[in-house]
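Trainee: Handing you a structure now.
The values are calculated or read from the model by the stated rules, or taken from the named source; none is laboratory data. All values reported here derive from a predicted model rather than from experimental measurement. Here the Cβ positions follow ideal geometry from the backbone for every residue, glycine too, while neighbour counts run over all protein chains shown.
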Amino acid sequence: MRPEPTTPTQTVSPQAGAPQTSAPPTGAPKTDVDTPARVREAVAAAEDRKAVDLRVLHVEKVSDFTDFFLICSGTSERQVQAIADAVQERMREAKVRPLHVEGYNRGQWVLLDYGDFVVHIFQEEPRRFYSLERLWGDAPDVTNDFRP
């Protein structure tokens, strides 16, 4: 006789007696996420703070971890932080929080990971050095699709 599940998401394996956690199927469709609308809002927020050389790359076909990169620059540490603040505030208004934020305190390269898109905000020198547009050169530049 098979034992009853111990919790709604945990069952006991009849072979090993070890708990097995059930997870949602991978590749499940995103039903309530409008990624392009979120990216459009992030672009607008960055442009409101005078982001320089803003680019949106559609990396979905060349990446397995996100759909879009928003890449832009600020001319100073403070401007990079202001752009990051504006993007986070705009996303927060849409009830979206980043999964991870990196580099904010240094203000050289701030990364805001929203899962389905990642925002990279650089000062100009680190942006030239890391050259993400070249590194992800196989991804189409779809910047014009996200501007008014």
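Trainee: So in segment 82-108, with the set limited to residues that are over 19 Å from Ala44 (Cβ atoms) and without any contact (Cβ under 8 Å) to a residue 24 or more places away in the chain, which one is farthest from the chain's Cα centre (by Cα)? Give the steps one after another, and end with the answer.
Mentor: Filtering segment 82-108 for residues over 19 Å from Ala44 (Cβ atoms) gives 99-108.
With without any contact (Cβ under 8 Å) to a residue 24 or more places away in the chain added as a condition, the list becomes 99-105.
Details: Leu99: 8, His100: 8, Val101: 10, Glu102: 12, Gly103: 15, Tyr104: 15, Asn105: 19 Å.
If we take residues in segment 82-108 being over 19 Å from Ala44 (Cβ atoms) and without any contact (Cβ under 8 Å) to a residue 24 or more places away in the chain, then Asn105 is farthest from the chain's Cα centre (by Cα).
Trainee: Going by the structure shown, is Lys61 modelled with pLDDT of 50 or more and either in a loop (DSSP other than H, G, I, E, B) or more than 15 Å from Val118 (Cβ to Cβ) (or both)?
Mentor: On the way: modelled with pLDDT of 50 or more: yes; either in a loop (DSSP other than H, G, I, E, B) or more than 15 Å from Val118 (Cβ to Cβ) (or both): yes.
Taking the combined requirement at face value, the residue satisfies it.
Trainee: Just give me the residues in segment 17-58 being at pLDDT 95 or above and either surrounded by fewer than 10 Cβ atoms within 10 Å (Cβ to Cβ) or at positive phi (or both), in sequence order.
Mentor: Residues satisfying the conditions are Lys50, Asp53.
Trainee: A follow-up question, please. Does segment 34-44 hold any residues that are aliphatic (A, V, I, L, M) and closer than 18 Å to Gly115 by Cα, and which are they? Give the derivation first.
Mentor: Within segment 34-44, the first condition is being aliphatic (A, V, I, L, M), and the residues that meet it are 37, 39, 42-44.
The answer is Ala37, Val39, Ala42, Val43.
Trainee: Go through the residues of segment 99-122 one by one and say whether even a single one is among the small types (Gly, Ala, Ser), on the phi > 0 side of the Ramachandran plot and buried (at least 18 other Cβ atoms within 10 Å of the Cβ). Steps first, please.
Mentor: Residues of segment 99-122 that are among the small types (Gly, Ala, Ser), as a first pass: 103, 107, 115.
Applying the additional criterion that residues be on the phi > 0 side of the Ramachandran plot yields 103, 107, 115.
Those still in the list that are buried (at least 18 other Cβ atoms within 10 Å of the Cβ) too: 103, 107.
Yes, the conditions are met somewhere in segment 99-122.
Trainee: Name the residue that is farthest from Asp85 (Cα to Cα), counting only residues in segment 116-137 that are modelled with pLDDT of 95 or more and in a loop (DSSP other than H, G, I, E, B).
Mentor: Once the filter is applied, the top-ranked residue is Trp136.
Trainee: Condition first: surrounded by fewer than 21 Cβ atoms within 10 Å (Cβ to Cβ), farther than 21 Å from Asp34 by Cα, among the charged types (D, E, K, R) and free of Cβ contacts under 8 Å to residues at least 24 places away in the same chain. Can you find one or more residues in segment 71-79 that meet it? Break it down into steps so the answer makes sense when it comes.
Mentor: Filtering segment 71-79 for residues surrounded by fewer than 21 Cβ atoms within 10 Å (Cβ to Cβ) gives 75-79.
Narrowing further to those that are farther than 21 Å from Asp34 by Cα: 75-79.
Among the residues that remain, those that are also among the charged types (D, E, K, R) are: 77-78.
Among the residues that remain, those that are also free of Cβ contacts under 8 Å to residues at least 24 places away in the same chain are: none.
Looking for residues that are surrounded by fewer than 21 Cβ atoms within 10 Å (Cβ to Cβ), farther than 21 Å from Asp34 by Cα, among the charged types (D, E, K, R) and free of Cβ contacts under 8 Å to residues at least 24 places away in the same chain, one finds none in segment 71-79, hence no.
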